[in-house]
Amino acid sequence: MRLLPWDYAVRNLGRSPLRLALSVGGGALVVALVLAAGAFVRGMERSLAVSAAADNVILLGKGSEESLERSEINPAVPSILAASVEGIRSRAGVAYVSPEVHLMTEVQAERGGRGMPVLLRGVVPEAFLVHAQVRVTDGRAPEPGRDELIVGRLAHTRMGLPAQRLLPGQTLWFDQRPWTIVGTFEAPGTVMDAELWLPLRDLQTVARRDNLSCVVATLGPGAHFDDVDLFTKQRLDLELVPIRERDYYANLLTFFSPVRAMVWVTALLMATGGLFGGLNTMYAAFASRVRELGALQAIGFSRAAVVVSLVQESVVATAAGSLLAAAAVLLLLDGVAVRFSMGAFGLVVDGPVLAGGLGAGLLLGIVGALPPAWRALNMPITDALKAA
């Protein structure tokens, strides 16, 4: 089969600047939607995956395996665990065992203002050993009994406030009293990045509880998850359930699968609308070129060769739109923080997301050209040559 020259398809793109702009703009819009959906899903997946450390084990109360906030365990568990399980990592005699209280409550930027649900985590200094992703970037850790706290890097996104509002020295309100921000921390790519941390005893007072939500321990090279599991089976009186931290967050990711599916479905529906808009543009463009297409067939080019040339035109236009969309999304959306029920996370535009978006643009260029091309070429050559 003899094909039309490649430059014939490229030159045809410039014959109608308006049609070219519509084709490039339509392709860019569809690809941008696919990239935005992919960045959202990828960011959520990464935030939950990175939140877990491979060697960390969480001890929860029985029946609360799916929610740290609902869990309640004996406050003596940390010391009993450290004394009963060999191989827990330690440094300078300090065991990597972090007793914690998790509380989702409304926090206000000012007294009497509108509150926003934020996760408060009550911790002891060992929490910074267990959660190695967390690093204090400004100020210091809070001290017990002084109504102090430190805020995550994305906490302002979760609360809908400017970043400057959560700097050290500012105050937040909950439990009907002000709390002073004495530091900020970051835990890149994790859900902890949007949390507020305060001393364990202080949060127990706020929550009016003397028990714990969980205990997080880091296993050393000589310890195994089975050792912790055996400990919980031997101490039935404590009513504990051990779970690997990565498994806990994997279960959360499964829980949010309907949200991810909804994002993809929404992007697909909007992209389909863009595809139909592109089809209308192609139909109008090819309808005005019926005589040209008939002449190409009359001088010896087969219908298949003409279809290939038309598909080349469409692919070049949508490829240009795809590249523009990829550049815009990288500049405007990559790393942008968005809120969700567990806090906030940053959109991630990485290699797989870009590959998916550019692949969608390529598919759009092929699929968008075939139906109008087929309709335009389905006319007998004699009728096409006489078309207006």
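The values are calculated or read from the model by the stated rules, or taken from the named source; none is laboratory data. Values in this document were obtained by computation on a predicted structure and should not be read as measured data. Here the Cβ positions follow ideal geometry from the backbone for every residue, glycine too, while neighbour counts run over all protein chains shown.
Comparison of 91, 135 shows that the only residue that is over 21 Å from residue 174 (Cα atoms) and under 27 Å from the mean Cα position of the chain (by Cα) is 135.
Mind checking which residues of the stretch 193-203 are of a type outside the set (Lys, Arg) and either surrounded by fewer than 16 Cβ atoms within 10 Å (Cβ to Cβ) or touching a strand residue (DSSP E or B) at 6+ places or on another chain (Cβ under 6 Å) (or both)? Reasoning before the result, please.
Initially, the stretch 193-203 is screened for residues of a type outside the set (Lys, Arg), giving 193-200, 202-203.
Correct list: 193, 194, 195, 196, 197, 198, 200, 203.
When residues in the stretch 234-273 are screened for being of a type in the set (A, V, I, L, M, F, W, C) and part of a strand (DSSP E or B), 3 of them pass. Kindly indicate whether residue 82 is in a loop (DSSP other than H, G, I, E, B), touching a residue at least 12 places away in the same chain (Cβ under 8 Å) and out of contact with any helix residue (DSSP H, G or I) (no Cβ under 6 Å at 6 or more places or on another chain). So residue 82 fails the test. Of all residue pairs spaced 6 or more apart or on separate chains, those with beta-carbon atoms under 7 Å, a first member in the stretch 343-355 that is surrounded by 13 or more Cβ atoms within 10 Å (Cβ to Cβ) and a second member that is basic (Lys, Arg) are 343/158; 344/158; 348/42; 348/46; 350/42; 353/42. Against the definition (under 29 Å from the mean Cα position of the chain (by Cα), assigned to a helix (DSSP H, G or I) and among the charged types (D, E, K, R)), how does residue 42 come out, yes or no? In short, yes. Within the stretch 1-60, the only residue that satisfies the criterion of being over 30 Å from residue 187 (Cβ atoms) and of a type in the set (Asp, Glu) is 7.
Take residue 215 and tell me if it is among the aliphatic types (A, V, I, L, M) and in contact (Cβ under 8 Å) with a residue 12 or more places away in the chain. Yes, satisfied. Of the residues in the stretch 220-234, not one is out of contact with any Pro (no Cβ under 6 Å at 6 or more places or on another chain), on the phi < 0 side of the Ramachandran plot and hydroxyl-bearing (Ser, Thr, Tyr).
Take the residues of the stretch 4-24 that are in contact (Cβ under 8 Å) with a residue 60 or more places away in the chain and of a type in the set (Gly, Ala, Ser): which is surrounded by the most Cβ atoms within 10 Å (Cβ to Cβ)?
Initially, the stretch 4-24 is screened for residues in contact (Cβ under 8 Å) with a residue 60 or more places away in the chain, giving 4, 6, 8-10, 12-13, 16, 19-20, 22-24.
Checking the rest, the ones that are also of a type in the set (Gly, Ala, Ser) come to 9, 16, 23.
On the way: 9: 20, 16: 15, 23: 27.
It comes out as 23.
Total residues in the stretch 73-126 satisfying the condition of being of a type in the set (Asp, Glu) and crowded, with 16+ Cβ neighbours inside 10 Å: the figure is 2. Among residues of the stretch 318-332 that are closer than 14 Å to residue 25 by Cα and modelled with pLDDT under 90, none has a beta-carbon under 9 Å from a residue that is part of a helix (DSSP H, G or I) and acidic (Asp, Glu) at least six positions away or on a different chain.
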